[in-house]
Amino acid sequence: NFRLISYWKRLLLAPGKHYLSISGSSGSYVLTRRPLGPPASDMEVEPNNGDRTAQRLVFGQPLRGVLFGPDEDIYRFSLPAAMHVRLLIRNVGDDGSFDTELYRPAANDGEVASNSLAPGGKFDWNGVLPAGDYKVNLRNPTTPSSAYRIALTRLDPFDLPRDREINDSTEEAAT
């Protein structure tokens, strides 16, 4: 897959050991590695597929990344107080779909919202979240690679959505 090869030319890896597996029934390949200098500030950094390696989402700093099927990218953010936020994820690839989930790990029913994104699709969530830690999971279980963009934005605290419960739970209902 040419797109996969061209992306791997700029794969960002955190310091440490990494293992690569190449498989196939025929053909040849060349594997090289070389430092390319400082990474672009708007790219995901691998590994980011577990709770301990989840990449931090910063308000107003969009990121771009690629899910290689099967793959999972996890992002995290924290809110010191209740806040009106927007989470926008766009599937900018034209090959594969992937699933998205915004959740609060400490809550009993931690899912806030989820969706499946086809090529060209978007997940656009706007609401008030209580103080706490949150994670965003992007999962591509089987399909070809999927490029995406993700952004977290702080919104006007006085321009609130009508429905302010985050997951259709009476415990989260606005009063």
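The values are calculated or read from the model by the stated rules, or taken from the named source; none is laboratory data. As the structure is a prediction and not an experimental result, all values here were calculated from the model. Cβ atoms come from the backbone with ideal geometry, glycine included; neighbour counts cover every protein chain shown. When the accessible area is computed, the model is the full protein with side chains, heavy atoms only, and any ligands, DNA or RNA have been set aside. Shrake-Rupley method; radii C 1.70, N 1.55, O 1.52, S 1.80 Å.
Here is how the numbers come out for the structure above:
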| item | result |
| --- | --- |
| Translational diffusion of the stretch 48-117, µm² s⁻¹ [Kirkwood Rh, Cα pairs; Stokes-Einstein; 10 °C; 1.306 mPa s] | 116 |
| For the chain, the longest site-free run once chymotrypsin sites (Phe, Trp or Tyr not before Pro) in DSSP loop states with at most 10 other Cβ atoms within 10 Å are removed | 30-157 |
| The chain - accessible surface per residue (Å², probe 1.4 Å) | 64 |
| Using a Förster distance of 22 Å, the FRET efficiency for residue 118-residue 52 (Cβ separation, nearest 0.05) | 0.10 |
| Hz values of 3J(HN,Hα) by residue in the stretch 30-38 - Karplus curve (6.51, -1.76, 1.60), Gly and Pro given as x | 10, 10, 10, 9, 7, x, 10, x, x |
| Global form of the stretch 81-158, assessed from the alpha-carbon gyration tensor, a/c cut-off 1.5 | oblate |
| Given (1) 17.9, 64; (2) 19.9, 65; (3) 27.3, 90, the label whose value is Rg and Dmax of the Cα atoms in Å derived from this model | (1) |
| Between the stretch 124-146 and the stretch 70-88, the Cα center-to-center distance that results, in Å | 7 |
| Two-site label geometry, residue 14 and residue 106: point separation in nm, points 7 Å out along Cα→Cβ | 2.1 |
| Distance in nm between pseudo-label sites at residue 78 and residue 29 (7 Å out along the Cβ direction from Cα) | 3.9 |
| Estimated distance in nm for a label pair at residue 155 and residue 36, the labels positioned 7 Å out from Cα along Cα-to-Cβ | 3.5 |
